[in-house]
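> Can you read through this structure? Questions will come right after.
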Amino acid sequence: MISYPSRHCTVELQALPSRIGQVRRIVSAQLRYWHLDALIDRASLGVTELLSNVHRHAQPDKTCTVEIELLLDRLTVSVHDHDPRMPVVEDPQDIAPLATCGRGLAMVAAMSESWGVRPDGESGKVVWFTLPTSVVAAPSRRARRAVLEKPARRFAEVSSVDGLRPDHAPARSAVAG
C-alpha cells in the first residue's frame, strides 16, 4: 500500500524575468500547500537559476516547462526547454571574482541532493534537481537545542537604545518571492 501518493505541478511559460518571479511564487505556494515550507528557499533558488539559464542561453525560443513532483521522500524540480545544447558547469577557478554569471549550476549542485541534465527527444533537454523531504519532518538535535537554550524575553523586558522606544527590526515582506 502506498501511504504517500505522488503530487505533481506543471507550469508552462516564456522564461522572461517577469515570468521567473511568477513561477517562483507559484512554486512557493505549491510547497506551502504540500506542507513543505522548509524547502521553499532552496526550491525557489534552484528554479530561479534554471529559468535564468533558459532566459540567457536557450534557442530558438524561451518557451519552457517547469515541473515539480513530490514522490515519497523526494521533491524533484525540473525545467524542460527546446534547446538541445547541454549546459556546461564552469570550474569555479575559471570564474572571475566579480563575474555576474557562471555560478548558477554550481549553486544548484551545492544546495540540492542531486541534479542532472538529460536530452528530451530530438529538440530539447530537461535540467532537474532533487531535495529530500525527510529533513523537513525532523529538525536536527542541534537546532532544537539552540532554540531551547535561548531564553525568551518578555514584552516588558524589551530594551531601548535611547530609553524612549524599543529597538525595531527592519521591515520584512510577507510576500514570498
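> Of the listed peptides 105-117, 69-81, what is their order by residue-averaged count of other C-beta atoms within 10 Å, with the highest listed first?
69-81, 105-117
> Here's another thing I want to ask about it. Got the relative contact order for the range 39-102 handy, in percent, Cα pairs under 8 Å and 6 or more residues apart?
Relative contact order for the range 39-102 comes out at 26 percent.
> Moving to a separate point now. Multiplying the sequence separation of GLU12 and MET86 by 0.36 nm and subtracting their Cα-Cα distance, what value in nm do you get? Write out the running numbers ahead of the final one.
On the way: separation 74, 0.36 × 74 = 26.64 nm, distance 2.04 nm.
Result for the pair: 24.6 nm of gain on full extension.
> Another question, then. Using a 1.4 angstrom probe on heavy atoms only, work out the carbon and sulfur share of the accessible area of the range 54-107 in %.
On the way: 1880 of 3330 Å².
The computed percentage sits at 57.
> Moving on. With charges only on Cβ, +1 for K and R and -1 for D and E, what is the dipole size of the range 35-101 about its Cα centre, in debye, rounded to 20?
Dipole of the range 35-101, to the nearest 20 debye: 120 debye.
> Ranked by accessible surface with a 1.4 Å probe, highest first, in what order do LYS125, LYS62 come?
Greatest to least solvent exposure: LYS62, LYS125.
> How do 47-58, 16-27, 84-95 rank on mean C-beta neighbours within 10 Å, highest first?
The packing order, highest mean first, is 47-58, 16-27, 84-95.
The values are calculated or read from the model by the stated rules, or taken from the named source; none is laboratory data. In this text the structure is predicted, and so the values were computed from the model without any measurement. All Cβ positions, glycine included, derive from the backbone under ideal geometry; neighbour counts span all protein chains shown. These accessible areas exclude ligands, DNA and RNA; they are computed on the full protein's heavy atoms, side chains included. Shrake-Rupley method; radii C 1.70, N 1.55, O 1.52, S 1.80 Å.
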